[in-house]
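The values are calculated or read from the model by the stated rules, or taken from the named source; none is laboratory data. The model shown is predicted, which means the values in this text are computed figures rather than measured ones. For neighbour counting, all protein chains shown are included, and Cβ atoms are generated from backbone atoms with ideal geometry for every residue, glycine included. For accessibility, only protein heavy atoms count, side chains too; no ligands or nucleic acids. Shrake-Rupley method; radii C 1.70, N 1.55, O 1.52, S 1.80 Å.
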Amino acid sequence: MPEIFVARSEDLPEGGRVFVTANGNQIGVVRAKGQLHAYLNICPHQGGPVCEGLMVHRVEEIIAEDKTYQGMRFSEDDLHIVCPWHGWEFNIETGRCAGDGQHGLKRFRTEERADGIYVVV
Ligand code: FES
């Protein structure tokens, strides 16, 4: 399968992102939680540039043992990327939509080698 050079490893630090074009499509490559993730930069909702969105931790409700609501907090585990058009959120590790798991981002395989990062298209 064809591979496209993305960047030197040092040019894509934690939290960073780079865009490459393959077959006329833009792919966003991010390094998050120590891993590389590459997704087609097209949101399944209405085609927005999802990979350009903010990365934020999932908001979760705090429920006490007595089942009372205690407020909200940011998850320490789940990191989401938020589409800038209408706010759909996608888990950065799986690409699945947080609000509706039937939707997801198109994922590409990445490889990190001595000379840099590649995406397999
Ligand atoms: S196009 Fe991404 S949320 Fe609507």
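Structural remarks
- Restricting attention to segment 66-83, the residues that are away from the ligand (no atom under 16 Å from the Cβ) and open to solvent by less than 100 Å² (accessible area, probe 1.4 Å) add up to 5.
- Residue check, Cys43 assigned to a helix (DSSP H, G or I) and either at pLDDT below 95 or within 16 Å of the ligand (Cβ to nearest atom) (or both): no
- Output for segment 63-121, where each listed residue is of a type in the set (S, T, N, Q) and more than 18 Å from Gly34 (Cβ to Cβ): Thr68, Gln70, Gln102
- From Ile63, Ile27, residue being farther than 16 Å from Thr94 by Cβ and either open to solvent by 80 Å² or more (accessible area, probe 1.4 Å) or in contact with a Gly (Cβ under 8 Å, 6 or more places away or on another chain) (or both): Ile63
- Criterion: surrounded by 18 or more Cβ atoms within 10 Å (Cβ to Cβ) and touching a residue at least 12 places away in the same chain (Cβ under 8 Å) - qualifying residue of Leu54, Leu36: Leu36
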